[in-house]
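The values are calculated or read from the model by the stated rules, or taken from the named source; none is laboratory data. Note that the structure is predicted; figures quoted are calculated from it, not measured. Here the Cβ positions follow ideal geometry from the backbone for every residue, glycine too, while neighbour counts run over all protein chains shown. For accessibility, only protein heavy atoms count, side chains too; no ligands or nucleic acids. Shrake-Rupley method; radii C 1.70, N 1.55, O 1.52, S 1.80 Å.
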Amino acid sequence: MLSLSPEEWTAVALSVRVAAVATAFSLPLGIAVAWLLARKNFPGKALLNAIIYLPLVLPPVVTGYLLLIAFGRRGIFGAWLESIGIVFSFRWTGAVLACAVMSFPLLVGAIRLSIEAVDRKLEDAAATLGANRVWTLLTVTLPLALPGIIAGAVLAFARALGEFGATITFVSNIPGETQTISAAIYTLTQVPGGDSQALKLVVIAVAISLLALIVSEWFGRRAGARVHGV
């Protein structure tokens, strides 16, 4: 069942790598944005919230095209970034960027709900004991919101693992460089007799996603037990 070609195993490894890196780089920004939306009121909050969730409602191809305009080699930011040695278009790093953008709304949504569920009286108590806002965030808010942070990270990883439309539009489908599981499955379905190999990749993708969700549930329960002293 797992008799995949080296190129297909490369696609699997690249998908996991891209999803993991996209989640890792998105997480700090996701926590900051989620806290801002959950705890602050400011002009333009509704607009910021709409922009964050926009990739969920836009066609993925549109998001990929916008990324190409912005970060392509001749894009708004891409030409300058290339001058300092940072290239996204048609590179695996571009796949990371596309996956991060597409999964960011799920990450922020889960973390925001978790932060909003934290009792503000606990944060106020920490403040009365002399803790500043940063220390309160690090020692009270984030530990209590940890189950939601873990859930958001895993949701983002799973979404990044299955990303296709924005990625193939932005970085194409280059074997060994940008061809993820989704792109490899698409390629195999276009080749006569490739359905059986495509099915094997589908099984692997499902297995990885299920494993991620099971691990998330386990860590979430552990984190919840520690927070509530169970």
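A few comments on the model shown:
- When each of the peptides 203-213, 154-164 is scored by the mean number of other C-beta atoms lying within 10 Å of its residues, the order from highest to lowest reads 154-164, 203-213.
- Couplings 3J(HN,Hα) of the range 65-78, computed from phi: 5, 5, 5, 5, 5, 7, 10, x, 4, 10, x, 4, 10, x Hz, in residue order, whole Hz [Karplus 6.51 cos²θ - 1.76 cosθ + 1.60, θ = phi - 60°; x for Gly and Pro].
- Dipole check for the range 64-149: with +1 at the C-beta of Lys and Arg, -1 at the C-beta of Asp and Glu, and the Cα centre as origin, the magnitude is about 300 Debye.
- Simple label model, 7 Å out from Cα along Cβ direction - residue 191 to residue 62, nm: 3.4 nm
- One decimal place: the segment residue 129-residue 221 gains 30.2 nm when fully extended, by the rule 0.36 nm per residue minus the C-alpha distance.
- In a reduced charge model with +1 at each Lys and Arg Cβ and -1 at each Asp and Glu Cβ, the chain shows a dipole moment near 600 debye about its Cα centre.
- Using the 1.4 Å probe convention, the accessible area of the range 124-190 works out to 45 Å² per residue with neighbouring protein chains retained.
- Kirkwood Rh in Å, taken over all unlike Cα pairs in the chain: 19.2 Å
- Farthest towards the positive end of the charge dipole of the chain, among the residues 132, 93, 118, is the Cα of 132, using unit charges on the Cβ of Lys, Arg, Asp and Glu.
- Helical runs assigned H by DSSP (4 residues or longer) give the chain a calculated mean residue ellipticity at 222 nm of -24000 deg cm²/dmol, each run adding -39500 (n - 2.57) before division by the residue total.
- Residue 124 exposes around 90 Å² of accessible area when a 1.4 Å probe is run over every protein chain in place.
- A simple rule links phi to the HN-Hα coupling: the Karplus curve 6.51 cos²θ - 1.76 cosθ + 1.60 with θ = phi - 60°, which for the range 191-204 gives 9, x, x, x, 4, 5, 5, 4, 4, 4, 5, 4, 4, 5 Hz, with x for Gly and Pro.
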